[in-house]
Each structure stands twice: as C-alpha cells, then as structure tokens.
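I have placed the structure first, in the form of structure tokens, so that the comments after it can refer back to it.
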Amino acid sequence: MKWASLPLLALALSLPSGESAVAQKLFPPEQMRKRVNENVLFLMGGQPGATFSQLAHDISVVVDDPNNLRVLPVVGGAAVQNVEDVIFLRSIDLALTTQEAMNHLKATRELGPNLEEKVTYIATLFPNPLQILARSGAKSIKDLSGKKVNFNNKGSATAQFVPQIFKTLGVNVQQELFMAQGDALEKLRSGEIDATICSCPVPVPAFVNVKAEWGLRFVAVPYDKPLQATYLPASMRNEDYPALIEKEGVVDTIAAITVLISFNWEKGTVRYQRTAKFVDAFFSKFSEFHKPPRHPLWQTVNLAATIPGWTRFAAAEEWLRNWRGGQAKGQGADFKQFRRD
C-alpha cells in the first residue's frame, strides 16, 4: 500500500461521520500505527533550557523526514544518566553525553563490565568548557576555597566530575550544592552561595541572561598537568557572553567533549536499521547544521574525530569510509563539512 501525504491524511480523517468507513479503508489503524512507529527514534537530550536540549532539538529538525524518519528529543537527561538510559531505558535509541562520562563509567563498571561493547559513538561534537560563574571577589578557581559552590543538577557531568577537579587542584569548598542553574543564579545574586558551575557547551542559556550590574564574573581554571590526561585547554570570549566578558577579554579554562552515542545494535535488527537511517540523514545533511537558526556550536564539529578506546557505530563508520572513498575519487561532499580544525 502506498501511503498518502500528511495533508491527504488530515483530509481523510476530517471526513463527515457518514464517510468514516472510507477513511478507515484508506488508513487502517494497525497499519497507521506501524507506519508512525517504525521510523521514530528517541534522543535523550538534557534538562529543560540546557544546551543539550537545544542541540537535540536541532538534530530533530535537521534530520526530519515525515514519511521516513523522525527523531523525538527527550527532556530530562544528563551526561551520566544518558549513558545509562541508552543501555537500559526502553525506547531510547540515541543520547548526548560526554567522553568524560563514558570513560568514567567504563573504568568504574557502574553499568556493568564491557561497557565499550554495549555503547558506541556516532560522532564527537562540541567542547564543554568548565564555566564557573562567581561573585566578583573571585578571579580564579582557587579563590573558591572555603566557599559555597553549586555543581549543577545531580546526575550531570558537572556534579559527577567537577568536584574531583577542585580536589585535584587543591580547592576545598565549604559546601557542595546541586541545583538547576536558574535556581543557583538567584542564590548567587542574593549571596546565599558564592559560585555556580556548568561543564557545558557555550553559551549556557541561564548565564546569557545575567546582567553586568549583578556583579558576577567568570573565573579562570588553570590547565595544570594533573588535568591534561582528561581535559583540553579552552577559553571563553566576549562573543560567548557579551555582558560578562569585556570585548578583548579571555577567560582561560578547561573542556570535556560532547559525544552523540547509540546502543550497539546487532546488524540486521530493526533498531540497527533505524539507527543506520538516522546516521545517513545526520551525516548527509550536516551542512544544514551550519545555517541559522541552528546553534553556532555546530560549526566547531569534527565528525571524523575518533575516541580512543571506543568503537564508532558500524553504520557511521561505513558511511565515513564510503565518503572518504568518494573524496579520493573527487566525488561527494566537501571535506570542510565534516572537519573543523
């Protein structure tokens, strides 16, 4: 049976009650249910208002093909939780997480042994600078010793890993708190806490709304040797936060990397084929991510980058291999679509 377009479907479903039998013959409920569900994937994004949620929305819009592929973003995840959800939560196909979270869970075996055989990555995406917004008296992370500091929501990569960064640098806070950034900003302004932190892509939506007259500032994080095995050097500039960083100013910090992951579905299964269809749409339409109103972070992505110790989803590896072959023959999309140096 050839399926009609959505406008035709809407017309059929709006037929007068006397003609409902015609609509039922055109669109049998069981066939319609099968059609609607067989091309849907669920992508675990982030907390409401978080950058992960914005990025998941961008993915859903760019790859959308109503008759062949739909990606539905799921709100509520965080880096560590998202890995767990890809493995255990029913219907979750894809998730945004961080390399930091993946390596941690692999090392601790919190989700069982051989995590690298259960979880695969489709692509590395964006850096996640460690953004520490503090009251104006602090200039460096080391100025937060003995202070009250918010480490984002429990379950987030920030909550899981940043307290250890503090300890590694010898910074002992008075009190660790865990709350959403919007709530933390209110307590920061009132003086109830001294800093709030997000290891997230820039800009953090809650931080964008901060006004210069509130007397808050970002503090620097040194790229000390104990951090260099896990993190990259990074910086934030005026274009990231015009109200918080002066025009020629630079805030030095460190960064983890965002990763798009999938469960390691066996080839030939329905879930594998569905994810492979997503991979083709995601890679082949990637130039669309560089256009407004998509998030500017997409322009920093190197899709061809690899992650040591982890395997790329087989269909993604095959897609890139075929693309490289086309490049060698002078065919296919420009390499610049996939690599940002």
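Rounded to the nearest 5, the antiparallel percentage of DSSP beta bridges internal to region 127-257 is 75%. Averaging the sequence gap over all C-alpha pairs within less than 8 Å and six or more residues apart, then dividing by the number of residues, gives the chain a relative contact order of 21 percent. The loop-placed trypsin sites (Lys or Arg not before Pro) in region 150-198, going by DSSP, that have at most 13 neighbouring Cβ atoms within 10 Å of their Cβ come out as 154.
The residue among 293, 120, 161 whose Cα reaches farthest toward the positive pole of the charge dipole of the chain, with charges on the beta-carbon of Lys, Arg, Asp and Glu, is 120. Residue 39 to residue 208: FRET efficiency via 1/(1 + (r/R0)^6), r the Cβ-Cβ distance, R0 56 Å, to the nearest 0.05? Once rounded, the FRET efficiency stands at 0.95.
Seen through its C-alpha gyration tensor, with square-root eigenvalues sorted a ≥ b ≥ c, region 127-257 comes out rounded because a/c lies under 1.5. Taking amide H as placed 1.01 Å from N in the peptide plane, residue 126 has its amide H under 5 Å from the amide H of 258, each at least 5 places away in sequence or on another chain. Hey, what angle do you get for helix 29-38 against the long axis of the chain, alpha-carbon based, 0 to 90 degrees rounded to 10? That works out to roughly 40 degrees.
Charges only on Cβ, +1 for Lys and Arg, -1 for Asp and Glu: so what's the dipole of region 191-340 about the Cα centre, in debye to the nearest 20?
Charge dipole of region 191-340: 900 debye, to the nearest 20.
Under 1.5 on a/c is rounded, so check that first for the chain, then, if it is not, pick prolate when a/b is larger than b/c and oblate when it is not; a ≥ b ≥ c are the square roots of the alpha carbon gyration tensor eigenvalues. Prolate shape, in that a/c is at least 1.5 and a/b is the bigger ratio. Helical content alone sets the calculated 222 nm signal of the chain at -10000 deg cm²/dmol, taking -39,500 (n - 2.57) per DSSP H segment of four or more residues and averaging over every residue. Once backbone amide H atoms are built at 1.01 Å from N, residue 220 has 140, 141 as its partners under 5 Å, excluding neighbours fewer than 5 places away on the same chain.
Annotation: the residues 120, 300, 230, sorted from fewest to most other C-beta atoms within 10 Å of their own C-beta, follow the order 300, 230, 120. Structure note, pairs 139/211; 118/225; 106/277; 106/154: Cα-Cα distances above 30 angstrom occur for 118/225.
Extending 7 Å from the Cα toward the beta-carbon at both residue 302 and residue 225 defines two label points whose distance is 2.6 nm.
No value in this document is a laboratory result; all are computed from the given coordinates. Just so we're clear, the structure is a prediction, and the values are computed from it rather than from any experiment. Here Cβ is always computed from backbone atoms with ideal geometry, including for glycine, and neighbour counts include all displayed protein chains.
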